[in-house]
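Below: one structure, written as structure tokens.
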Amino acid sequence: QVQLVESGGGLVQAGESLRLSCAASGSIFSFNAMGWYRQAPGKQRELVARITTGGYTNYGDSVKGRFTISRDTAKNTVYLQMNSLKPEDTGVYYCGGFNSRSTWGQGTQVTVSS
């Protein structure tokens, strides 16, 4: 079973950028799609960005134009470039891999101060 490990979270100020990484222990093409989700305290987990094996991407409405999902197939890694961060982007960011089942990483904390 392919495992996922996130990294790159941290504390930044509003307007700054961060890049999250999700390293897979095997081929990312073992999944039909991979994505980033986030969960803020007291809220449900929500979609941030998703990419299919064919390269199709989709984003949550609140991050469109600011965040970009990409992948490096040679490194079996998916990235989330986050620009113009806002305090409301604060939360735990999870990387997920999806086929007949869902596989999740342990999450990485992103905190954006105003």
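A single entry from LEU11, LEU20 fulfils the requirement of being surrounded by 20 or more Cβ atoms within 10 Å (Cβ to Cβ) and at pLDDT 95 or above: LEU20.
Yes/no matrix, rows are residues, columns are (1) of a type in the set (Val, Ile, Thr); (2) touching a Ser or Thr at 6+ places or on another chain (Cβ under 6 Å); (3) surrounded by 18 or more Cβ atoms within 10 Å (Cβ to Cβ):
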position	(1), (2), (3)
VAL63	yes, no, yes
THR68	yes, no, no
THR73	yes, no, no
GLU88	no, no, no
PHE98	no, no, no
ARG101	no, no, no
VAL112	yes, yes, yes
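Looking at the structure I just gave you, is VAL2 in contact (Cβ under 8 Å) with a residue 60 or more places away in the chain, more than 17 Å from THR90 (Cβ to Cβ) and open to solvent by less than 60 Å² (accessible area, probe 1.4 Å)? Taking the combined requirement at face value, the residue satisfies it. Counting only strands (runs of 3 or more DSSP E) that sit wholly inside region 22-114, those with at least 2 residues that are touching a residue at least 24 places away in the same chain (Cβ under 8 Å) are 33-39, 46-52, 67-72, 77-82, 91-98, 102-104, 108-113. Candidates are the residues of region 23-47 that are open to solvent by less than 30 Å² (accessible area, probe 1.4 Å) and in contact with a Leu (Cβ under 7 Å, 6 or more places away or on another chain); the one that is nearest to ASP89 (Cα to Cα) is TRP36.
The values are calculated or read from the model by the stated rules, or taken from the named source; none is laboratory data. These figures come from a predicted structure and were not determined experimentally. No Cβ is skipped: glycine too gets one built from the backbone with ideal geometry, and neighbour counts run over all protein chains shown. We work out accessible area using only protein heavy atoms, side chains counted, and drop any ligands, DNA or RNA first. Shrake-Rupley method; radii C 1.70, N 1.55, O 1.52, S 1.80 Å.
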